[in-house]
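Reading through the structure tokens given below for one structure.
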Amino acid sequence: MKKLFLLISIVLMGIPTGQGVVQAAEMDEVSGTGNGVADLGTIRKPVIVDFTFVGSGPLVAAPVFAKGKSSIGWIEGEAPVSGSLFAEKHSSPLIGAKITAPDQWTLRVRPITSAPKIRSGKTPIVVKLSQQTKRDTVRKFVYRGSGDVVVFPISAKGMSGFPVVNSSGNVKKNITLPRGTKYISIWANGPWKLKK
């Protein structure tokens with residue numbers, strides 16, 4: 001899998017309203033080929049966006065908001081790649097995702113509560129802690145790879161915190177998760193582990 005760069009502002013998302021629009025929790029996959037705009041329906045809460053891009057070449061994925069509100073993109077890098085990212089509630093309704101891709105792609109929006117309870121992986125993902133932290137809590141994060149890696153905590157209410165990891169290449173460090181952390185966004189292409 002080629003190196004993929006994720007802008008830290010992946011935590012921007014919003015919520016449109018309109019007739020015939022589906023809630024994010026009930027939404028099916030949206031797919032396409034090449035450049036296009038995916039209709040993501042109405043999203044009223046912080047969510048997880050699963051993504052898959054096949055083929056080979058540059059790709060860009062950016063949220064599209066109502067009223068022409070602009071935002072920093074979600075993904076900018078190279079296909080093929082797959083994984084999931086956290087999208088925080090935005091002040092303006094989210095109505096879609098603008099895609100520039102060399103081949104087929106798929107997006108799926110799901111509730112943040114559906115995040116898995118896992119401690120290791122090889123792709124970008126949002127994970128759920130077994131318990132919400134009651135105080136600042138130290139964990140060890142390990143990443144083996146040459147790509148960019150960004151890790152940040154997310155509260156039970158779906159509010160993102162400052163990155164606790166933001167670097168490239170191998171990482172082995174203690175990270176401090178603030179009180180109230182329930183989820184963690186891990187952007188890493190390559191083996192990673194989260195240890196107590």
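The sole residue among 98, 67, 45 that is assigned to a strand (DSSP E or B), modelled with pLDDT of 70 or more and not assigned by TED's automatic domain parsing to the domain that holds residue 160 is 98.
Each row is one residue, and each column tells you yes or no for (1) of a type outside the set (Gly, Ala, Ser); (2) out of contact with any helix residue (DSSP H, G or I) (no Cβ under 6 Å at 6 or more places or on another chain); (3) closer than 21 Å to residue 148 by Cβ; (4) in a strand (DSSP E or B).
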position: 57; (1), (2), (3), (4): no, yes, yes, yes
position: 60; (1), (2), (3), (4): yes, yes, yes, yes
position: 76; (1), (2), (3), (4): yes, yes, yes, yes
position: 110; (1), (2), (3), (4): yes, yes, no, yes
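Within segment 141-163, the residues that satisfy the criterion of being touching a residue at least 12 places away in the same chain (Cβ under 8 Å), within 29 Å of residue 44 (Cβ to Cβ) and under 15 Å from the mean Cα position of the chain (by Cα) are 150, 151, 152, 153, 154, 155, 158, 159, 160, 161, 163.
Could you tell me which of the residues 141, 162 is assigned to a loop (DSSP other than H, G, I, E, B), among the hydrophobic types (A, V, I, L, M, F, W, C) and either at pLDDT below 95 or not assigned by TED's automatic domain parsing to the domain that holds residue 54 (or both)?
162
One residue stands out in segment 164-196 among those that are within 18 Å of the chain's Cα centre (by Cα) and basic (Lys, Arg): the one that is nearest to residue 85 (Cα to Cα), namely 182.
Return the total of residues in segment 100-124 being within 15 Å of the chain's Cα centre (by Cα) and among the hydrophobic types (A, V, I, L, M, F, W, C). Before you say what the answer is, go through the steps one by one.
Within segment 100-124, the subset within 15 Å of the chain's Cα centre (by Cα) is 106-116, 121-124.
Within this subset, residues satisfying the condition of being among the hydrophobic types (A, V, I, L, M, F, W, C) are 107, 109, 112, 115.
Summing the residues that are within 15 Å of the chain's Cα centre (by Cα) and among the hydrophobic types (A, V, I, L, M, F, W, C) in segment 100-124 gives 4.
The values are calculated or read from the model by the stated rules, or taken from the named source; none is laboratory data. Fair warning: this is a prediction, and the values are worked out from it, not measured in the lab. Positions of Cβ are generated from backbone atoms using ideal geometry, with glycine treated the same way; all protein chains shown enter the neighbour counts.
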